[in-house]
1. Would you be able to tell me the number of residues in region 200-238 that are in contact with a Lys or Arg (Cβ under 6 Å, 6 or more places away or on another chain) and either farther than 19 Å from SER138 by Cβ or at pLDDT 90 or above (or both)?
2. Within region 100-116, is there a residue that is modelled with pLDDT of 85 or more, touching a helix residue (DSSP H, G or I) at 6+ places or on another chain (Cβ under 8 Å) and buried (at least 18 other Cβ atoms within 10 Å of the Cβ)?
3. If a residue must be among the β-branched types (Val, Ile, Thr) and without any contact (Cβ under 8 Å) to a residue 12 or more places away in the chain, how many such residues does region 201-233 contain?
4. Can you tell me how many residues within region 197-245 are of a type outside the set (Phe, Trp, Tyr) and in a loop (DSSP other than H, G, I, E, B)?
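The values are calculated or read from the model by the stated rules, or taken from the named source; none is laboratory data. Everything numeric here is computed off the predicted structure, so don't read it as measured data. All Cβ positions, glycine included, derive from the backbone under ideal geometry; neighbour counts span all protein chains shown.
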Amino acid sequence: MAVLGAVVVGLIGVAAVMMYASGADARAVAGQKPQTVMVATALVPAGTSAADAVAKGLISPSQIAAKGVPLGALNKIDAATGKLLALTDIAPGEFVIAGRFGTTPLGQKVIQVPDGQVAISLTLADAARVGAFVTPGSRIVLYDTYVPAVAEKAGASAGTKATQVLLDDVLVIAVGSTTLTPPANAAEGAPAAAAGALVTVALPPDTAAKLVHGIQTGSLYAGLRGTDTKTNLSQIVSDTTLFTK
């Protein structure tokens, strides 16, 4: 009986060893199977969205052995992941880990530009941006004061100007403090620099071109829109019409 028991125990041990060996072989084979993982093929700057990185060829899929895939590695960039931003620079050759992406890169503020639009920044003096009341999310009217082409051709005085609504409904996406002009040289007796801010707005590409032209050629002034505000895009106020009824 004792001999029989020893034989049974021995058979159980052999079976266990064989089962473990079989499982180890299966795990080894599984570990060698290729698996798709996203890898940085070029430097991915902090603040780059995952979707843009793929579109620009900065990130691409690669096949490696499953056992070599690090924890959290992405195997694709889907709609949800594509909107996230690289928190820090991702060097070429690095695996793209989910934890490397988020909503705001470390150490900096990143604006969110609405889909299909571009961000344009302009400097406005405090008075020209309704004091400090224009904030991200505000909607503003932009007025442009310029020298009319007709006045230039007619040889009118340099002081002849006109003001008109350039854009009547503009979304502000960021307001950053800055100085409009360098500090004045006290020895020259020049006036002190005007306090102001850099205002960043989001616009469709064709409208953005109008704003850039206005920035380059005129003087812009912002008004804060109220509910259901209606502006007259065709109204032109000039030196000659300013006091007319």
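1. Of the residues in that region, 1 qualify.
2. yes
3. Selection size over region 201-233: 1.
4. From region 197-245, those of a type outside the set (Phe, Trp, Tyr) are 197-220, 222-242, 244-245; that's our starting set.
Filter once more, keeping what is in a loop (DSSP other than H, G, I, E, B): 204, 218, 225-235, 239-242, 244-245.
Summing the residues that are of a type outside the set (Phe, Trp, Tyr) and in a loop (DSSP other than H, G, I, E, B) in region 197-245 gives 19.
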